[in-house]
């Protein structure tokens with residue numbers, strides 16, 4: 001009889017132990033599930049934010065593709081917050097707006113370009129803008145800051161020795177004035193040896209052919225420019 005009671009007691013203890021363990025396991029499982037739910041919720045939130053941002057960019061790109069876009073070249077005449085005003089060589093004025101998502105600004109130097117901040121653009125900068133245009137307002141997609149370098153040739157028709165300038169009739173039959181600065185690189189063709197030699201202002205004569213390089217300071221009504229380089233070919237070279 002005592003053995004039966006002991007056996008029943010052992011069975012009861014085993015059953016209680018199994019029940020307790022099953023409840024503990026359920027609790028641990030519930031905690032694990034809760035942790036997973038929290039983690040999954042956080043990850044989904046981040047993924048949704050990234051997806052939303054990508055969709056915003058894709059939508060903007062699609063919008064730009066539907067609108068009229070062409071490069072506009074001009075000189076900055078006003079800088080105000082995130083907007084610019086430019087004037088083209090045809091004296092047309094445009095407002096240029098910065099797009100917070102897509103606008104990229106680059107500084108061009110030689111054959112290289114370096115991305116810079118929009119705030120680096122200054123008045124009188126020569127820029128190229130690409131972006132949708134709506135009623136003289138450009139929402140900039142890309143902005144390139146560059147120099148307008150002019151290379152040409154012509155004939156010297158007047159020499160001003162008091163201010164070191166030359167009046168030149170270009171090959172396009174246009175009269176311009178070139179200021180010869182101390183920084184201007186001057187070369188002269190030696191008509192005997194046909195070697196290029198370093199020269200000076202005093203060796204230039206009326207009738208000489210001149211090849212020149214200068215930076216266009218844009219919308220210059222006086223058509224007066226500071227020469228960077230000149231190559232002088234004496235008129236005697238063409239006389240046989």
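The values are calculated or read from the model by the stated rules, or taken from the named source; none is laboratory data. Nothing here was measured: the structure is a model prediction, and the numbers come from that model. A quick note on method: Cβ atoms are made from the backbone with ideal geometry, for glycine too, and the neighbour counts reach across all protein chains shown.
Once the range 78-87 is narrowed to residues that are in a strand (DSSP E or B) and either surrounded by 15 or more Cβ atoms within 10 Å (Cβ to Cβ) or touching a helix residue (DSSP H, G or I) at 6+ places or on another chain (Cβ under 9 Å) (or both), the residue that is modelled with the lowest pLDDT is 87. Just one of the listed residues (99, 90, 125) is outside the structural domain of residue 212 (by TED's automatic domain parsing) and in contact with a helix residue (DSSP H, G or I) (Cβ under 9 Å, 6 or more places away or on another chain), namely 99. From the list 170, 182, 198, the one residue that fits, being out of contact with any strand residue (DSSP E or B) (no Cβ under 7 Å at 6 or more places or on another chain) and modelled with pLDDT of 90 or more, is 182. Screening the range 138-187 for strands (runs of 3 or more DSSP E) wholly inside it with 2 or more residues that are surrounded by fewer than 15 Cβ atoms within 10 Å (Cβ to Cβ) returns the ranges 149-160. Of all residues in the range 98-137, those that are part of a strand (DSSP E or B) and more than 14 Å from the chain's Cα centre (by Cα) total 4. Annotation: residue 211 fulfils all but one of (1) in a loop (DSSP other than H, G, I, E, B); (2) under 27 Å from residue 89 (Cβ atoms); the unmet one is (1). Hey, does the range 121-139 have a residue that's free of Cβ contacts under 8 Å to residues at least 12 places away in the same chain and closer than 20 Å to residue 70 by Cβ? The answer is yes, given that some residue of the range 121-139 is free of Cβ contacts under 8 Å to residues at least 12 places away in the same chain and closer than 20 Å to residue 70 by Cβ.
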